[in-house]
1. Accessible area per residue of the stretch 92-140 at 1.4 Å probe, in Å²?
2. Express in whole angstrom the spacing between the alpha-carbon centres of the stretch 81-96 and the stretch 221-241.
3. Measure off 7 Å from each Cα along the Cα-to-Cβ vector at ASN129 and THR273, then give the distance between these two points in nanometres to one decimal.
4. If amide H atoms are built 1.01 Å from N in the plane of the peptide, which residues on other chains or at least 5 residues away come under 5 Å of the amide H of ILE231?
5. Which part of the stretch 233-253 falls in the paramagnetic zone of TYR210, meaning amide N under 15 Å from the point 7 Å along Cα-to-beta-carbon?
6. Compute the FRET efficiency between GLU200 and ILE80 as 1/(1 + (r/R0)^6), taking r as their Cβ-Cβ distance and R0 = 30 Å, and round to the nearest 0.05.
Amino acid sequence: MATKDPAGGGYYSDRPFVSWLDMVSASQAAQPRWMTPLVTVTPRLEQEFRWDVYRQQNGLGTQGNGQNFVNYGGPGGARIELIPAYNWEVILAAPPYQTATGPRGTAQGLGDWPAFLLKYRFISANKENGDYIVTAFFQMSDPLGTGAAISNNVLVAQPTLAFGKGWGDFDIQSTISAQFPVSSIGPQPKGATVVGNFGEPILWNTTFQYHLFEYFWPELEVNYEFWPNGIHAGLNQVLLTPGLILGRFKIGQDTPTRPINLIIGAGYQVAVTPNPVIQNNFVGTFRITF
């Protein structure tokens, strides 16, 4: 169980870096060993460098704006995920670089910046003791004033509750969250998203994952979003994301308990509800755990 912090049990010594890695190993040993999904943020605590690529096509109906995006860095940007203390994780991301074409104009530059995401793990058990986990997140996303063609132009706060359960080689990981607009950033060009029309969408992501052989992790993600208010008020959208993740391929080792692993994966996200905001999306991921 990971409800008790063992950090006082000898992890800190005259070798603080090694002691920190030992604490990270102990923290991860007390939770399931599933793979982090392509889109759903895992409730597990991870320590890795991650870089994603998204190619997104928005819907062409009354709800979508028809923009096509290529996002070099995914929605989270190139980022590093660290476990600074037992039961805690912090994700620090660089602003992703995006290109956009479509009815809202052609542009390239920095996209909305998810500056940080903070996780706290409430309870967890590894495969030998029940294979489950419950975690809370908090994230802020800063639009950086990059304009209506790329940015949503709104500072957004997103609290999340995440949980998961495993049964042998099969697991389910799920998150439920809401996005709250805090303020609009920069000038307000015609058609730009602002606090008054952004709404407060509710997001529910669930991943069904299977571990096949040693390195194969096929999965199906169901990504649901509902807008109770705002410009998309009353809209429900469901995206299905079949994907395959390969890993963990050992490529090095810092200490006997901290192997360095390579993980790669890809998937394709498709809207299955009519009149979608997002129509389809290619997702690729590259990660190095340490």
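The values are calculated or read from the model by the stated rules, or taken from the named source; none is laboratory data. Predicted, not measured: the structure shown is a model, and the values here were computed from it. Neighbour counts run over all protein chains shown; Cβ positions are idealised from the backbone, glycine included. Surface areas here come from the heavy atoms of the whole protein model, side chains and all, with no ligands, DNA or RNA. Shrake-Rupley method; radii C 1.70, N 1.55, O 1.52, S 1.80 Å.
1. 47 Å²
2. Measuring centre to centre over Cα atoms gives 28 Å.
3. Between ASN129 and THR273, the simple spin-label model gives 3.9 nm.
4. PHE198, GLY199
5. Within reach of a label on TYR210: 242-245.
6. Computed FRET efficiency for GLU200 and ILE80: 0.50.
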